[in-house]
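Engineer: Shown below is the structure under consideration.
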Amino acid sequence: MSDSTIYEVARLAGVSIATVSRALRGTGPVSAATREKVRRAVEELRFTPSRLGVSLAEGRHAANGIVFPDLSGPYFGEVLLGYEEVAADLGRSVLILSTRDRAGVPETVKDLATRVDGLVVFGQTLPDALLTELADSGLPMVMLARDAHPGTEAVRSENAGAAEALTVHLIAHGHRTFALAGGHDEGDVSQRWTAVARTLGHHGITAPRPVECPYTVDGGYEAGLGLLKSGPDVVVCADDQVALGVILAAEELGLRVPDDVAVTGWDDIMAARHSRPALTTVRQPLRELGAAAARLLDELIAGAEPSDTTRVLATDLVIRSSCGAHQVHPPEEP
């Protein structure tokens, strides 16, 4: 078996990796002349497609795959609903893989890749080396809630502008001592914390390091018990579930929200609107995130070349009573 890669085939043929993939699969807009160039390069390099490549070439699937780090909680549920609705309209089934508490993730993902026509991967769920291997095989791929990896497309929500607007609002409301709850991993959350820290710095406030915790109510509760003892003016949370947990911790410690401490979240899940106090947060279009990922993946499966482009969906700052202000923008969704 040759050790040649699809990169070398593309270089020798003078075409993109995506074009090599389409030529090998026998689908998509590839001219006869280009297909011949690819065939000659494959023969000269003695390139042997991987099991994944063979599966793709057969084009026998009517399924998409999606890989999440977890499936619990309203965030993933909403994204999946949007994804599955579009996939169903396109006549495709969806194979879902959660990597939480799973051993042998790389091999499991590679096996999933042989059973689908394309794959959506959430955030930093898979290491970059594995993403590169999958993209090199010609598998159509879309990154979700992060920027594009080479050989893929991506869709995520806007983070920096909304995080800056939230921070400016809190400073204008008189808050000076901040605590941050939620991990500082790469991707969406990292972009938010970077913007928060930059905005605080512009106002002469030193940003604290975000406290790691699971993105759950229990995770927020445990983090809140520790954070609130230092007496911050406001706890800015990486997502709404963490924020709801911090509010529970405040209640247990005898603190009133927002009189003694303000709390904010991110996502605008249903519970954020009906909590007491109602949660100040940033609304991101969760179902549209999933729907957009499904549409992008269908375009790639149909033969579009990946352009390493990241599509960014708009977010909205939602001011409610948990930060000590009346709700002013935007209006509630029905």
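The values are calculated or read from the model by the stated rules, or taken from the named source; none is laboratory data. All of these numbers come straight from a predicted model, not from anything done at the bench. Here the Cβ positions follow ideal geometry from the backbone for every residue, glycine too, while neighbour counts run over all protein chains shown.
Engineer: Just one of Ala223, Ala271 is of a type in the set (Gly, Ala, Ser), crowded, with 21+ Cβ neighbours inside 10 Å and at negative phi; which is it? Full working, then the answer.
Structural biologist: Numbers: Ala271 fails: crowded, with 21+ Cβ neighbours inside 10 Å.
Of the residues listed, the single one that is of a type in the set (Gly, Ala, Ser), crowded, with 21+ Cβ neighbours inside 10 Å and at negative phi is Ala223.
Engineer: Restricting to region 203-226, name every residue that is within 23 Å of the chain's Cα centre (by Cα) and of a type in the set (Phe, Trp, Tyr).
Structural biologist: The one that is within 23 Å of the chain's Cα centre (by Cα) and of a type in the set (Phe, Trp, Tyr): Tyr215.
Engineer: Here's a follow-up. Considering each residue of region 1-12, count those that are surrounded by 21 or more Cβ atoms within 10 Å (Cβ to Cβ) and modelled with pLDDT under 80, and give that number.
Structural biologist: 1
Engineer: Of the residues that sit in region 13-40 and are at pLDDT 85 or above and either closer than 19 Å to Ala135 by Cα or assigned by TED's automatic domain parsing to the domain that holds Pro150 (or both), which one is surrounded by the fewest Cβ atoms within 10 Å (Cβ to Cβ)?
Structural biologist: Looking at the filtered set, the residue picked out is Gly14.
Engineer: Something else now. Looking at (1) closer than 30 Å to Val9 by Cβ; (2) surrounded by fewer than 19 Cβ atoms within 10 Å (Cβ to Cβ); (3) not small (Gly, Ala, Ser), which one does Val121 not meet, given that it meets all the others?
Structural biologist: All conditions pass for Val121, except number (2).
Engineer: Kindly check whether there is at least one residue in region 113-120 that is touching a strand residue (DSSP E or B) at 6+ places or on another chain (Cβ under 6 Å) and at pLDDT 95 or above.
Structural biologist: Looking through region 113-120, at least one residue is touching a strand residue (DSSP E or B) at 6+ places or on another chain (Cβ under 6 Å) and at pLDDT 95 or above.
Here is a yes/no grid of residues against (1) in the same structural domain as Pro69 (by TED's automatic domain parsing); (2) surrounded by 24 or more Cβ atoms within 10 Å (Cβ to Cβ); (3) within 26 Å of the chain's Cα centre (by Cα):
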| site | (1), (2), (3) |
| --- | --- |
| Gly187 | no, no, yes |
| Ser190 | no, no, yes |
| Gly201 | no, no, no |
| Asp233 | no, no, no |
| Asp239 | no, yes, yes |
| Val261 | no, yes, no |
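Engineer: Is it the case that Arg156 is in a strand (DSSP E or B) and either among the charged types (D, E, K, R) or buried (at least 23 other Cβ atoms within 10 Å of the Cβ) (or both)?
Structural biologist: Working: in a strand (DSSP E or B): yes; either among the charged types (D, E, K, R) or buried (at least 23 other Cβ atoms within 10 Å of the Cβ) (or both): yes.
Criteria met by Arg156.
Engineer: Find the residue count for region 274-283, including only residues that are closer than 19 Å to Asp188 by Cα and surrounded by fewer than 24 Cβ atoms within 10 Å (Cβ to Cβ).
Structural biologist: Initially, region 274-283 is screened for residues closer than 19 Å to Asp188 by Cα, giving 280-283.
Filter once more, keeping what is surrounded by fewer than 24 Cβ atoms within 10 Å (Cβ to Cβ): 283.
Selection size over region 274-283: 1.
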